[in-house]
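What follows is one structure encoded as structure tokens, with my remarks underneath.
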Amino acid sequence: MSVIAVKLAYDGGKFFGSQIQKDKVTVEGELNKFFECRLLSRTDRGVSALGNVLFTEEEINLRRYSFDRIWLYGKSSSWKKPFKKKYSYFLSSDLDIDRIKEACSLLSGKHDFYNFCKKDRTKKLDYIKEIEINPYIGECIRLDFTGESFLWEMVRRLTNAIISVGKGEMEIEDLKDMLKKRTEKKIPPAPPEYLLLVDIEGFEFTYDEYMLRKIEKYFENMYRDAFLKKNIFSYSLNFLRGTYV
């Protein structure tokens, strides 16, 4: 049977990453209980996705094989390489915006990102990657990373470096040095819960409207819950400061 591509979203907070791991609950592991598949893009523990893609040789019912916090919502039998992946990381807005932009500009392009990834001892990796990082400023700062491929923890480690520059804890010259000279003292990764795999371009998907509405409903409920928690935190802070009403 020919291979088909399936588009999926998931809430990464429940899973120990996307790829199968022994004795761990993962996205790929849960799906492979019902049909054989492999995910195109790996995500770390706690990282969510709106548009990851899996490949399978089985004809599957999207609604039947959507589970708690995993939703399959599109199919494709046509694609064109190279695929282009987009990740977004969300930051608080209390950082120096000009320094953030300067760091993003420096890190965009083709570089040796050895110092900005976790080494995978099971693979021989090419650390030379070409990416683009665009900061969008609003209620929070959103960093959009696009590229054909990313190294293990690369987006989160680059983000942590950008945060350090935005806080004034690291200078642009330090980033330049890290791009030029490899070292075993690497930047640690930023927290996973604020990272989102947004999309993988290169496919012609047919979407299931029912599943799209189901995903939308889930995020509406999550947004409502977060809004209420935000108000609880705000009230608590005002109470402790003696300014509550």
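What follows draws every value from the coordinates through simple rules; no lab data is involved. Keep in mind that what you see is a predicted model, and the values were worked out from it rather than measured. Every residue, glycine among them, receives a Cβ derived from its backbone with ideal geometry; neighbour counts consider all protein chains shown.
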### Query
Suppose R0 equals 25 Å; then what is the FRET efficiency for D144 and M222 from their Cβ-Cβ distance, rounded to the nearest 0.05?
0.75
### Query
What is the spread of the Cα atoms of the stretch 59-118 along each of their three principal axes, largest first, in whole Å?
48, 30, 22
### Task
Measure out, as a whole number of angstrom, how far apart the alpha-carbon centroids of the stretch 73-143 and the stretch 171-214 sit.
5
### Task
For the stretch 1-80, state what percent of all Cα-Cα pairs lands in each successive 10 Å bin, counting from 0 Å until the bin that includes the largest distance.
20, 58, 21, 1
#### Entry: FRET E, pair K81, S236, Förster distance 45 Å, beta-carbon r, rounded to 0.05
0.35
### Task
For K176, list the aspartates and glutamates whose Cα falls under 18 Å from its own Cα; do not include residues on the same chain fewer than 8 positions away.
D98, E102, D112, E130, E132, E184
## Note on the structure
Per DSSP, the loop-located GluC sites (Glu not before Pro) within the stretch 60-152 having at most 15 other beta carbons within 10 Å are E139, E148
### Query
Binning every alpha carbon pair distance of the stretch 84-196 at 5 Å from zero, what are the percents per bin?
2, 12, 25, 27, 20, 10, 3, 1, 0
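For a quick check of your reading of the filter: which trypsin sites (Lys or Arg not before Pro) in the stretch 46-153 sit in a DSSP loop and have no more than 11 other Cβ atoms within 10 Å? Can you show the working numbers first?
Details: sites: R63, R64, R69, K75, K80, K84, K85, K86, R99, K101, K110, K118, K119, R121, K123, K124, K129, R142; in loops: R63, R64, R69, K118, K119, R121, K123, K124.
Hits after loop and neighbour filter: R64, R121, K123, K124.
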### Query
How many percent of DSSP beta bridges within the chain run antiparallel, rounded to 5?
95
### Task
Divide by every residue of the chain the summed helix terms, -39500 (n - 2.57) for each DSSP H run of at least 4, and state the resulting mean residue ellipticity at 222 nm, rounded to the nearest 500 deg cm²/dmol.
-9500 deg cm²/dmol
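From Cα pairs below 8 angstrom and at least 6 apart in sequence, can you work out the relative contact order of the chain, rounded to a whole percent?
Working: 445 pairs, mean separation 58.2, N = 245.
So the answer I get is 24 percent.
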### Query
For the stretch 153-245, what's the radius of gyration and Dmax over Cα atoms, in angstrom?
20.6, 56
### Stokes-Einstein D for the chain, Kirkwood Rh over Cα pairs, 25 °C, 0.890 mPa s (µm²/s)
124
### Task
Taking a cut-off of 17 Å between Cα atoms, list the lysines near K81, but don't count ones fewer than 8 places away on the same chain.
K7, K129
### Förster radius 41 Å - calculated FRET efficiency between N61 and D174, Cβ distance, rounded to 0.05
0.20
